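Working notes, structure below.
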Amino acid sequence: MSHGRAVAPGVPEGNGGRLVAQSDATLARGYYGGPPHDDEPRDDEFRRLLLESLRIALKRKWLILTIAFVAVAIGGLRTLMITPLYSAAVRVQVEPQSLKIVERGQVEQPETGDAFLRTQIELLRSNAIAQRVSKLAGLADDPDFFKPREFSILEAARSFLGGAAAQEEVTPSKAALEEAAAGIVASNQSVRPLPGSRLVDISYSDPSPARAARVANAYADAFIASNLDRRLQANVYAKAFLEDQLVQLKVRHEEAEKAVVAFAEKEEFVVTSEKSSIAEANLSAANAALGGLIAERIKTEQLWRQVEKIDEINLPQFLLNPVVQGLRSARNVLDGEYKEKLQTFKPGYPAMVQISNRMKEIDRQIAAEVKAIKDSHKAAFEQARRQEDEMRARIETLRVETLDLQRRGIQYDNLRREAATLRTLYEGLLQRHKEVDVAGGIGANNIFIVDRAEAPGAPYAPNLVRALLMALVIGLGGGCGAAYLLERLDDAVRLPEELERVTALPTLGVIPDVGEPGEAERALIDPRSGLAEAYRSLCTALQFATEQGLPKSLLVTSAMPGEGKSVTSLAVARHFANMGLRVLLVDADLRNPSMHHKLGLEHTVGLSSYLSGELSPPEAFQGTDIPNLTFMSSGPLPTNAADLLAGPRLLSLLSVGMETFDLIVLDSPPIMGLADAPLLSNAAATTLLVVSSGKARSGQVRGALKRLRFARGPVIGTALTRFDARNAGYGYGYAYGYGYGVDPYVYGGPKDGEQGREQARLTQS
């Protein structure tokens, strides 16, 4: 028996055969409503998103409806408490500014686009205009103006608790009243420009129609007066600014003129274009002469390099020399004479020796002449190089002198230019100062009243129908948002696809909720019950869980207690025993056993007795009312359950048991917080993780799987228990049915247990 050899992540190979890889096992997910495949069309993604939203809405429908009802109630109550408001509007025409002061007294229009109109609109909305309106309309002297427009629970409570003390409060000052009136005016006015025109509607809402018209007209008058004040204020500011700038520029101009004279006296600098031309001409001539010297130096250097290391006389410099030519001619004559006499005399003959000596002397003279030519080329090269170096030094001196002259000239020009600039600025500002007084009276106001406001005949607010519809929309939106938020914050595993997404394992079975405790054992007895059908579906999936079919040993465990693992163990063992397989059901929960209660048997001896070495396995087995089903209880509760399970006797029990039984089902304690389940999972061929719908948290399930995988437990899949299709939302209906034919059992439907079968019998009769 081998343990812990993984075929796929989290699915090792057990004794019962190599487990099916996760990618193959998940092919059946579509039957259980598993997650979508990546290659499905994008339209299905939108469809799934829509169905998921509908499922959440149906699941949380009462929350959404409650929030919507509360929002509508609050909206309606608030609307009924609002004082009716009347709105009056005045229409004004805003033309571009009529003038702008420019140089030489010219007048132009500075702004004509949307930016200007937006500026005027923001000015209309400013607090300064609101204060001017409150003063112009005399709102601070109108007590009715300060009455609240909406019912305030806080103010009502304060008035009720304050009583007479509230009436004795100090009367606010006139300035405070005007400030409060300006705030009320600013919060109830509306400025709306008409698209494509220069017209602006100024609206004001008030409980009094006459006051609404009066304040709206006061807005137009205040805006015109404010515009004229800004123009006059701009002229005053411009004149004061120009006067200050004139004083500063006059002082700076005088200082600049003095700086020009002081610099010329200090540097003894006299600007003459002739002097500048001579310095630049000398530098230019020196540069030109340097170019000729460089060319001459390069030429002599090339001639010297050609003859420097050459001993032959085949170069033109040697061949064209008349001395070399004469010596070569004489040597050629002697060479011919020597060759002619060599036919008659031997080389040692006195005449032959004499000719040979004369030839050597000529060769020596030629070599001396060649050396003299080389020396002359070298001397010419060195002379040209010295002349070039001298010219370079001369150019450097001229360059320094020229740069110094230019530097002083630049500094002098800067001083003169600054003085000229200040003079020009001073003259321009002086002319502008003279024009300000004249330009201040040019042009007229650019704001015109087109239609004055009149008292409205009917209120425009509140609109009860619109308020209720808006409250309904807000309530539905808030309810949907709250439902979505609760759905995302709720990490309880409720649906099969959620369980598969958390575990990345196939959901082998979905077990419906039977409600009352103990009802599951009674429902399992009825083969036509929905619970029995669900467990038969789970057992069918277990038969295809490995390549060899049903595993030899199966551990049933869960992350936390109370998730239905004992009922699942009993149901699986009962099903395969009824199929004729020899099944051993082991209650491996050595801390809180319960299987003996479900079977009505004793647990005086059992697994703990065998693991402690007190007896052999057959002595711990008990028969049951179910044929082919043998039960091994937990036995007396030990103090060292994990130590007993970690011993070799557990593996021996499974090895020997698999030779006798076709299937061994182990009911395990919960995983989290205990070491028992990982030890049992490592020993068993396969492990089934039971998850209770709505009770188990995703973090707990992941933690349980992590512990099992760390113990190399071969987790084959999951089973979702206590699944309530009526609360699962859209996609699962309101009844989760099993059965087919004349006697169907519909869990959650009208037929249930004996009542359904009785109705079916009546139908057949």
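The values are calculated or read from the model by the stated rules, or taken from the named source; none is laboratory data. In this text, all values refer to a predicted model and were calculated from it rather than measured experimentally. Virtual Cβ from ideal backbone geometry, glycine too; neighbours counted across all protein chains shown.
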For the range 668-751, which fully contained strands (runs of 3 or more DSSP E) count at least 2 residues that are closer than 26 Å to Gly657 by Cβ and either at pLDDT below 90 or in contact with a Leu (Cβ under 7 Å, 6 or more places away or on another chain) (or both)? 686-692, 715-723
Could you run through the range 619-637 and say how many residues are over 21 Å from Phe576 (Cα atoms) and surrounded by fewer than 18 Cβ atoms within 10 Å (Cβ to Cβ)? 3
One residue is enough: does the range 667-690 have a residue meeting the conditions crowded, with 19+ Cβ neighbours inside 10 Å and free of Cβ contacts under 8 Å to residues at least 60 places away in the same chain? yes
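Conditions (1) free of Cβ contacts under 8 Å to residues at least 12 places away in the same chain; (2) of a type outside the set (S, T, N, Q); (3) not in a helix (DSSP H, G or I), marked per residue:
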position	(1), (2), (3)
Asp44	yes, yes, no
Ile56	no, yes, no
Thr66	no, no, no
Phe69	no, yes, no
Ile74	no, yes, no
Arg78	no, yes, no
Thr83	no, no, yes
Gln93	no, no, yes
Among the residues that make up the range 616-638, is at least one of them in contact with an Asp or Glu (Cβ under 9 Å, 6 or more places away or on another chain) and under 21 Å from Gly562 (Cβ atoms)? yes
Quick check: is even one residue across the range 575-584 in contact with a Gly (Cβ under 7 Å, 6 or more places away or on another chain) and either at positive phi or touching a residue at least 60 places away in the same chain (Cβ under 8 Å) (or both)? yes
For the range 112-151, enumerate the residues that are surrounded by fewer than 12 Cβ atoms within 10 Å (Cβ to Cβ), part of a loop (DSSP other than H, G, I, E, B) and of a type outside the set (Asp, Glu). Gly113, Lys147, Pro148
The residue from His575, His596 that alone is in a helix (DSSP H, G or I), modelled with pLDDT under 90 and over 53 Å from the mean Cα position of the chain (by Cα) is His596
Considering only the range 540-554, I want to know if a residue exists there that is out of contact with any Lys or Arg (no Cβ under 6 Å at 6 or more places or on another chain), at negative phi and free of Cβ contacts under 8 Å to residues at least 40 places away in the same chain. yes
Only one of Leu581, Leu590 is farther than 19 Å from Leu637 by Cβ and either outside the structural domain of Pro638 (by TED's automatic domain parsing) or aliphatic (A, V, I, L, M) (or both), namely Leu581
Based on this model, can you work out whether Leu531 counts as buried (at least 21 other Cβ atoms within 10 Å of the Cβ) and farther than 20 Å from Gln700 by Cβ? yes
Across the range 499-528, what is the number of residues that are touching a residue at least 12 places away in the same chain (Cβ under 8 Å) and surrounded by fewer than 20 Cβ atoms within 10 Å (Cβ to Cβ)? 6
List the residue pairs whose Cβ atoms are under 8 Å apart, where the first residue sits in the range 132-160 and is hydrophobic (A, V, I, L, M, F, W, C), the second is at pLDDT below 75 and not in a helix (DSSP H, G or I), and the two are 6 or more positions apart or on different chains. none
Name the pairs whose Cβ atoms lie under 9 Å apart, with the first residue in the range 470-488 and among the basic types (Lys, Arg), the second not in a helix (DSSP H, G or I), and 6 or more positions between them or separate chains? none
Would you check if there is a residue in the range 549-566 being in a helix (DSSP H, G or I) and over 15 Å from Ile664 (Cβ atoms)? yes
